[in-house]
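Read through the structure below, which is laid out as structure tokens, and then see the notes.
The values are calculated or read from the model by the stated rules, or taken from the named source; none is laboratory data. The shown structure was predicted, so the numbers you read here are calculated from the model rather than taken from an experiment. A quick note on method: Cβ atoms are made from the backbone with ideal geometry, for glycine too, and the neighbour counts reach across all protein chains shown. Calculation scope for accessible area: heavy atoms of the full protein, side chains included, ligands and nucleic acids excluded. Shrake-Rupley method; radii C 1.70, N 1.55, O 1.52, S 1.80 Å.
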Amino acid sequence: MNIYRKELKSHRKSLFFWCIGVILMVASGMNKYSSLYSSGQSMNDLMADMPKSMQAIMGVGAFDLSKASGYYGMLFLYLVLMSSIHAAMLGATIIAKEERDKTSEFLFVKPVSREKIITAKLLAAFTNIAIFNLVTFASSVVIVGKVSDGEKINGDIAITMLGMFILQLLFMVIGSAVSAFKKRPKTAASLATAILLLTFVLSIVIDLNENLDALKYLTPFKYFEAKHMMVGDGLEVVSVVLSLIITAVLTYGTFAFYKKRDLNG
């Protein structure tokens, strides 16, 4: 528990700024919607005139952008990207930071096993991403609710946040597994982020070419898309099961790799 509390304390400032960032993202995005709605401009017409590549990058999909729910669905892609980057970097740094900061002796003076150390660290990371998710959910409900003009959207926000949380867990353990495996901890966060961005780009490429749809299970960003979750389909069972399996395997890998490696202090 001391290690758990220490990790929470050491990441609280970073978590605070990430939470402020996501609140500002939701606020600025929905403020843009409110401005366009009040001016009478048609976002649907505007987006329809854009090239398909731009529509894919902006995450337009099949949303009705004249509604707050549709605009939030488009914004959700960027909330997912932001939350995933936070989770991947957190998973990597929370495992490697003692070696990175040359303070590994802290790990050895404690009368606890490596398994307990990793467990405490992963629990702290889990707590951080849970707080980030709850802040995103609460700010979305409040901010979107103010511009929704009576449209019921809380259920849509809740289901997207559940999907986002599963992705956060997945990218957190991608970061932790990479960090536990690599001998150079300073590069773990960069590699985890590179993997994330590669899968994000792949998701856009798939959107641009329908013939590549079979590759959708290679990128987690295709598992929980707002355009599917918000139109009544909810969470796809295959995506949930696949995400949980990958998360379990990478969590096991984090423990296995970390137990075998030589820690440099």
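Restricting attention to segment 189-215, report how many residues are surrounded by fewer than 17 Cβ atoms within 10 Å (Cβ to Cβ) and of a type in the set (D, E, K, R).
Number satisfying all stated conditions: 2.
Looking at Ile85 and the list (1) surrounded by fewer than 15 Cβ atoms within 10 Å (Cβ to Cβ); (2) at pLDDT 90 or above, which single condition is not satisfied?
It is condition (1) that Ile85 fails.
What number of residues in segment 192-211 are free of Cβ contacts under 8 Å to residues at least 60 places away in the same chain, part of a helix (DSSP H, G or I) and not hydrophobic (A, V, I, L, M, F, W, C)?
4
Go through the residues of segment 170-187 one by one and say whether even a single one is in a helix (DSSP H, G or I), in contact (Cβ under 8 Å) with a residue 40 or more places away in the chain and either in contact with a strand residue (DSSP E or B) (Cβ under 8 Å, 6 or more places away or on another chain) or over 28 Å from Val249 (Cβ atoms) (or both).
Checked against the condition, which is being in a helix (DSSP H, G or I), in contact (Cβ under 8 Å) with a residue 40 or more places away in the chain and either in contact with a strand residue (DSSP E or B) (Cβ under 8 Å, 6 or more places away or on another chain) or over 28 Å from Val249 (Cβ atoms) (or both), segment 170-187 yields no hits at all.
Step by step: first the residues of segment 129-155, then only those that are touching a residue at least 24 places away in the same chain (Cβ under 8 Å), crowded, with 16+ Cβ neighbours inside 10 Å and among the small types (Gly, Ala, Ser), then the one that is farthest from Ile94 (Cα to Cα). Which residue is that?
Result: Ser148.
Only residues in segment 15-27 that are in contact (Cβ under 8 Å) with a residue 40 or more places away in the chain and within 14 Å of Ile129 (Cα to Cα) count as the first member; pair them with residues that are open to solvent by 60 Å² or more (accessible area, probe 1.4 Å) and of a type in the set (S, T, N, Q), Cβ under 6 angstrom, at least 6 apart or cross-chain, and list the lot.
Sorted first by the residue in segment 15-27, then by its partner, the list stays empty.
Anything in segment 228-259 that is surrounded by fewer than 16 Cβ atoms within 10 Å (Cβ to Cβ), in contact (Cβ under 8 Å) with a residue 40 or more places away in the chain, closer than 30 Å to Gly155 by Cβ and not aliphatic (A, V, I, L, M)? List them, or say none.
Gly234
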